[in-house]
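Some notes on the structure that comes next.
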Amino acid sequence: MRALVKHGFVYLLSYATGRSFSEFNPALRPSQEVVYQRIFDRDLESLGLRNFYYPVGSAANYGLLYLILRAAKTFSFRQVVELGAGQTTLLIDALRRAGILKADTLTIEHDQNWATQIQTSVSHSVLRVRLVNSEDTYANYEGYDFGAIAIPSDIDLLIIDGPPAGDANKEYARHSAMRLLDNLDPNGFLIIVDDCERVGEVALVERIDMYLRTKGFEFCRGTIAAAKMQSIFAARRLLGAAFF
């Protein structure tokens, strides 16, 4: 609750001054970006993987790429679901092709043209799922239409980086990911929520925390802070990922 109050104040301050929400967020550590870049570059080289990534603008930053790469090197996964296609989709595909990540993988993307473009570069399924108006006990938003697809069971790596939620009228769009939590692997899972310097994602993280506590999961939380922020939920056999 304190986190929500703090971020609410920051949001009001950014609105009043016309400056971005992230500029006022003391939890961000932009200087750390180069640290994660060096680790990511080093690990790619040691694995013999080509470095063709563009972690700039709204794309995945080095903190997120580092986190996914380290998790794939450290743990075994069986079912990956990724919300939002992009640089991380390309990384996941490279790890699968190299045999480092041995998991069934599904990437969900709302934009048909982007989904088609990414699909031509990866071997796993990039599924276009339309956005629909949704309402739950927390907010109204336009999120993925998960009711229209078969959601994989026993998800042990869930990456929440879509749909776009940067605009004020879309800030709760990623709350549609709450629909996937019933499909988590009870033996252990890792949830990564990107862009947690923003109001909507802060609220989503607190909702996930409450859900997991209600279900009685043993889990730990962690964060990666650089140019952007990722929140980590790691449960049972994957508990160590919270301390990356």
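Summing Cβ point charges (Lys, Arg +1; Asp, Glu -1) relative to the Cα centre of segment 29-243 gives a dipole of roughly 660 debye. Each of Thr116, Ile100, Pro55 was scored by the projection of its Cα onto the charge dipole of the chain, and the greatest displacement toward the positive side belongs to Ile100; charges sit on the C-beta of Lys, Arg, Asp and Glu. From the Kirkwood radius over Cα pairs of segment 91-137, Stokes-Einstein at 4 °C and 1.567 mPa s returns a whole-number translational diffusion coefficient of 108 µm²/s. Spacing of the modelled spin labels on Asp182 and Arg130, each 7 Å from Cα toward Cβ, amounts to 2.3 nm. Compute a Gaussian network model of the chain, connecting alpha carbons closer than 10 Å, and tell me which residue from Ser231, Ser176, Ser58 fluctuates the most. In the Gaussian network model the winner is Ser58.
Kirkwood-based Rg over Rh for the chain (C-alpha set), two decimals?
On the way: Rg = 17.1 Å, Rh = 18.2 Å.
Value, to two decimals: 0.94.
Were the residues from Ala98 through Phe52 laid out at 0.36 nm apart, the gain over their Cα-Cα distance would be 15.0 nm. Of all complete DSSP H helices in the chain, those with a Cα span along the helix axis of 24 Å or greater and a mean Kyte-Doolittle hydropathy of 0.0 or more are 199-215. In the elastic network of the chain, a GNM with C-alpha springs shorter than 10 Å, the most mobile of Ala168, Ala72, Ala115 is Ala168. The 3J(HN,Hα) values that the Karplus relation (6.51, -1.76, 1.60; θ = phi - 60°) gives for segment 181-197 are, in residue order, 5, 5, 9, 5, 6, x, 7, x, 7, 10, 10, 10, 10, 8, 6, 7, 8 Hz. Gly and Pro appear as x.
Projected label points at Asp154 and Glu45, each 7 Å from Cα along the beta carbon direction, are separated by 3.9 nanometres.
Every number in this text was worked out from the coordinates using simple rules, so none of it is lab data. As the structure is a computational prediction, the values presented were derived from the model and not from experiment. Using ideal geometry, Cβ is built from the backbone for each residue, glycine included, and neighbour counts are taken over all protein chains shown.
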